[in-house]
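First up is the structure itself, then whatever we jot down about it.
The values are calculated or read from the model by the stated rules, or taken from the named source; none is laboratory data. Computed from a prediction, not measured in an experiment: that's the story for all the values here. Quick reminder, even Gly has a Cβ in these numbers, built from the backbone with ideal geometry, and neighbours come from all protein chains shown.
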Amino acid sequence: MTDTAETIFKRLRDLPSTHLLGTGTPMCAGCGGLQALHQIYDIIGEKSVFINAAGCMTLLSVFPFTPFRGSWLYTAMASAPAGAQGVRDALDILLQQQRIAAEEDMEVVVLTGDGAAYGMGLSSTSGAMERDLDFLYICYDNEGYGNTGQQYSGATPHAALTSTSKGPRGFSGFKKDLFSIWAAHEPAYVATVIGTEPLDLARKIDKARNMTGPRMIIALAPCPTGWDYDPKQSVDIGKLAVRTGIWPLKEYENGKVVHTKIPKQRKPVEEYLQCQGRFRHLFEPQRNDELIDALQAKVDSYWRDITE
Amino acid sequence: MKRMLLTGNGAAAWGARLAATDYIPAFPITPQTEIIEALANWIDNGAMNARLVTLESEHSMITAAGAAAATGVRVFSATSSQGLLYAMEMLYTVSGWRAPFVLTNVSRGLAAPITLESDHTDVMAARDSGFLQIHCATCQEVLDSTLIAYRLAEDARVRLPVIVNLDGFYLSFTREPVQLPDQQIAKEFVGRYDAENIRFRASAPVSQAVAVLGGSPYSYFRYETHLAAQNALLVYDEVAAEFNQRFGRQHNAIEEYRSDDADILFVMMGSFATKAKEAVDLLRDSGQAVGLLRPRLIRPFPTQSFQHLLGGKKGIAVIDQNLSMGMGGVLHAELSSALYGHANAPATLVSFIGGLGGRDISSEEFFEMAAVTRRAVDEGVTPAPRLLYNETELREIRKLQAVAQSEREELHNSADKPSGEQQ
């Protein structure tokens with residue numbers, strides 16, 4: 001478990017009771033990404049500028065409305081981290097030249113989906129980490145190009161049905177290990193989070209907020225429209241993602257990876273798969289034991305050597 | 001003010017330094033590299049108080065440039081050719097942010113085939129991006145235009161990024177004597193960048209570059225950008241006049257050379273216009289009333305000035321160092337549309353394509369272009385666009401092709417033919 005001594009978030013009741021992000025956004029009902037963003041924003045606060053890349057959340061700020069109390073800059077799909085570089089450098093120059101007061105400074109936050117993070121934006125993210133940019137990166141990962149109708153992306157899990165992998169075996173590729181790719185850059189911090197584990201999320205965002213350098217967060221974002229399930233199941237699916245071991249909650253710091261929540265008795269992966277339309281072909285019209293077992297084996301192999 | 005021998009690249013770097021640039025997102029590309037090397041050295045040696053950051057691509061470089069300008073600091077950047085095209089998405093994007101900064105483009109032909117030498121096809125590709133464009137013919141102009149460009153970009157009536165273009169090799173690596181303005185006077189001329197309320201501050205949150213829904217708000221903001229670019233015509237003249245007052249050098253939106261009493265005019269941009277000037281002198285010596293117009297400002301396009309300066313002329317030879325495949329020269333098309341239907345417009349506008357990938361344009365060719373244009377005037381028939389290429393060149397390329405063919409045959413004959421492949 002992570003060292004809780006350094007966080008103010010010890011129990012659920014320690015979580016912020018004031019919610020900062022406005023409501024009435026055009027995100028889908030049951031959006032797991034928005035759920036995570038709400039919690040993250042409550043901790044980061046309004047002294048922030050969000051640098052966004054093309055994705056679902058680009059539609060959070062549509063002229064003349066925004067749910068953010070702080071600032072926002074939409075860039076393009078590939079280069080939000082470079083936008084963060086420009087804003088951070090400009091703020092540093094203004095502070096250094098005493099053209100703005102210290103309290104005018106802001107946390108620079110990149111907000112992108114998995115499409116940008118795992119693919120087109122990977123080069124600019126790598127560049128930002130290599131330059132040790134002082135920024136927070138939040139990737140809401142709904143495992144496909146969701147905003148365009150859930151085509152497969154570098155984040156799509158094996159066997160998932162997407163609008164560009166509709167065959168009987170679903171997506172033939174495997175989800176890219178972005179956590180390890182990011183961690184290989186040795187940034188200040190990398191963590192996985194999910195909105196259905198709010199305490200774990202709050203601790204990690206709080207920890208990241210109090211660090212400098214690149215702080216990289218991947219939030220698994222259960223997606224009713226892309227994963228094909230009823231919006232009311234979002235929370236259950238998020239919890240199952242953690243309890244089946246599909247979505248390991250972990251953090252990287254000082255060259256070490258620590259798992260922050262190791263499921264005691266991992267539930268079978270099929271409990272997670274079964275409730276999502278994107279995996280229905282594994283169960284209907286015939287059960288595909290070979291593929292289900294392969295998915296279970298991959299999760300088992302991941303956890304084999306993980307101990308507290 | 002002191003006089004120095006500077007390359008075009010050196011002049012661009014001095015322009016950025018004298019404009020008291022705060023921030024330089026960079027990425028190296030031939031033939032631009034000397035600019036960012038000079039700036040990096042000055043910063044490292046404490047001669048210049050700025051921050052230079054090398055990004056991992058030109059796409060990111062322009063993103064960072066726009067983002068920093070949108071946060072309220074003065075930004076300079078430089079690129080060329082493939083780099084400009086790699087950044088193309090962001091050129092359109094940051095001009096829409098109304099982020100004012102100066103980008104030097106060192107013109108170089110585009111792949112394929114890949115080349116390092118100069119033409120204007122790269123910068124013409126940015127024609128519709130919302131960046132304003134100033135094209136230079138001398139190293140002095142590169143420096144002066146950089147200072148003028150900041151005033152133009154940051155003017156409240158404009159607030160758009162500006163490309164200052166210079167030709168690769170011909171200007172970038174050519175040393176010319178350049179008058180270096182005094183640092184203090186240059187600083188006074190450029191003034192401070194006031195981002196007004198379009199900047200990021202914790203106490204005054206703003207959302208920049210947000211999405212719009214529907215064509216109506218989209219059209220509104222696009223029209224605004226266009227109108228701002230058009231405002232730059234007037235602002236340019238004001239700024240150029242003030243520049244002349246302070247530094248004694250006049251840089252009109254269109255340079256006129258022996259054009260007043262000419263009946264045939266060359267129209268071309270960039271450093272090759274100096275070759276045209278020389279040809280004009282020779283043509284004048286031979287008794288022909290030929291002159292030259294060289295637009296410095298390409299965006300906004302000085303339509304009215306062209307209508308005025310070309311009115312009553314017999315024939316125009318437009319020489320484009322760019323090629324729009326399937327159409328022809330970009331400047332020729334733009335000039336035609338500026339003149340069409342205008343009373344007193346010359347009836348004959350002949351298009352010539354030359355100087356691609358650094359290919360020279362000789363005096364003889366200028367003579368020939370003048371002759372072709374005069375013949376078109378006399379006969380009242382405008383010929384199809386001419387692609388400048390001479391017999392010697394054709395013979396040379398045939399030789400190269402013969403070598404390639406001979407080598408291929410040699411390779412073919414000596415190698416074991418893979419089974420299944422038959423001639």
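Taking region A:206-278 and the helices (runs of 4 or more DSSP H) fully enclosed by it, the elements with 1 or more residues that are hydrophobic (A, V, I, L, M, F, W, C) and touching a residue at least 40 places away in the same chain (Cβ under 8 Å) are at A:224-227, A:234-243.
Does any residue of region A:42-51 turn out to be over 18 Å from B:Ala209 (Cβ atoms), within 12 Å of another protein chain (Cβ to nearest Cβ) and out of contact with any Gly (no Cβ under 7 Å at 6 or more places or on another chain)? Scanning region A:42-51 turns up at least one residue that is over 18 Å from B:Ala209 (Cβ atoms), within 12 Å of another protein chain (Cβ to nearest Cβ) and out of contact with any Gly (no Cβ under 7 Å at 6 or more places or on another chain).
Checking each residue in region B:376-394 for being surrounded by 10 or more Cβ atoms within 10 Å (Cβ to Cβ) and either of a type in the set (Asp, Glu) or more than 21 Å from B:Asp119 (Cα to Cα) (or both) picks out B:Ala376, B:Val377, B:Asp378, B:Glu379, B:Thr382, B:Pro383, B:Glu393.
Scanning region B:363-408 for residues that are touching a Phe, Trp or Tyr at 6+ places or on another chain (Cβ under 9 Å) and not in a helix (DSSP H, G or I) returns B:Pro385, B:Arg386, B:Leu387, B:Leu388.
Considering region B:353-371 alone, what residues qualify as being more than 19 Å from B:Met124 (Cα to Cα), buried (at least 17 other Cβ atoms within 10 Å of the Cβ) and among the aliphatic types (A, V, I, L, M)?
Correct list: B:Ile361, B:Met369, B:Ala370.
Restricting attention to region A:79-88, and to residues there that are facing chain B (nearest Cβ under 7 Å) and in contact with a strand residue (DSSP E or B) (Cβ under 6 Å, 6 or more places away or on another chain), which single residue is nearest to A:Gln151 (Cα to Cα)? Selected residue: A:Gly83.
Yes/no matrix, rows are residues, columns are (1) touching a helix residue (DSSP H, G or I) at 6+ places or on another chain (Cβ under 6 Å); (2) in a strand (DSSP E or B); (3) not assigned by TED's automatic domain parsing to the domain that holds B:Leu143:
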site: B:Asn165; (1), (2), (3): yes, yes, no
site: B:Ser172; (1), (2), (3): yes, no, no
site: B:Gln179; (1), (2), (3): no, yes, no
site: B:Leu213; (1), (2), (3): no, no, no
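Only one of the listed residues (A:Gly154, A:Gly119, A:Gly173) is more than 20 Å from A:Val49 (Cα to Cα), touching a Lys or Arg at 6+ places or on another chain (Cβ under 9 Å) and without any contact (Cβ under 8 Å) to a residue 40 or more places away in the chain. That residue is A:Gly119. Candidates B:Ala273, B:Ala241, B:Ala262, B:Ala228: the one that is crowded, with 20+ Cβ neighbours inside 10 Å, among the small types (Gly, Ala, Ser) and not assigned by TED's automatic domain parsing to the domain that holds B:Glu365 is B:Ala228.
Among the residues of region A:111-126, are any of a type outside the set (A, V, I, L, M), within 11 Å of chain B (Cβ to nearest Cβ), buried (at least 24 other Cβ atoms within 10 Å of the Cβ) and assigned to a helix (DSSP H, G or I)? Within region A:111-126, one or more residues are of a type outside the set (A, V, I, L, M), within 11 Å of chain B (Cβ to nearest Cβ), buried (at least 24 other Cβ atoms within 10 Å of the Cβ) and assigned to a helix (DSSP H, G or I).
Flag not set for B:Arg222, criterion: within 14 Å of chain A (Cβ to nearest Cβ) and buried (at least 19 other Cβ atoms within 10 Å of the Cβ). Condition check for B:Ala13 on (1) surrounded by fewer than 24 Cβ atoms within 10 Å (Cβ to Cβ); (2) free of Cβ contacts under 8 Å to residues at least 60 places away in the same chain; (3) more than 11 Å from every other protein chain (Cβ to nearest Cβ); (4) under 22 Å from B:Leu116 (Cα atoms): one failure, at (1).
Scanning region A:53-78 for residues that are surrounded by 24 or more Cβ atoms within 10 Å (Cβ to Cβ) and more than 8 Å from chain B (Cβ to nearest Cβ) yields A:Ala53, A:Gly55, A:Cys56, A:Met57, A:Leu60. Restricting attention to region A:100-110, the residues that are touching a Leu at 6+ places or on another chain (Cβ under 9 Å) and part of a helix (DSSP H, G or I) total 2.
Please tell me if A:Leu95 is without any contact (Cβ under 8 Å) to a residue 24 or more places away in the chain and in contact with a helix residue (DSSP H, G or I) (Cβ under 8 Å, 6 or more places away or on another chain). So A:Leu95 passes the test.
The sole residue among A:Ala84, A:Ala54, A:Ala90 that is touching a residue at least 40 places away in the same chain (Cβ under 8 Å), of a type in the set (A, V, I, L, M) and part of a helix (DSSP H, G or I) is A:Ala84.
Condition check for B:Val318 on (1) part of a helix (DSSP H, G or I); (2) in the same structural domain as B:Lys275 (by TED's automatic domain parsing); (3) under 30 Å from B:Ser107 (Cβ atoms): one failure, at (1). In region B:35-52 there is at least one residue matching the filter, namely being under 19 Å from B:Val164 (Cα atoms) and touching a residue at least 60 places away in the same chain (Cβ under 8 Å).
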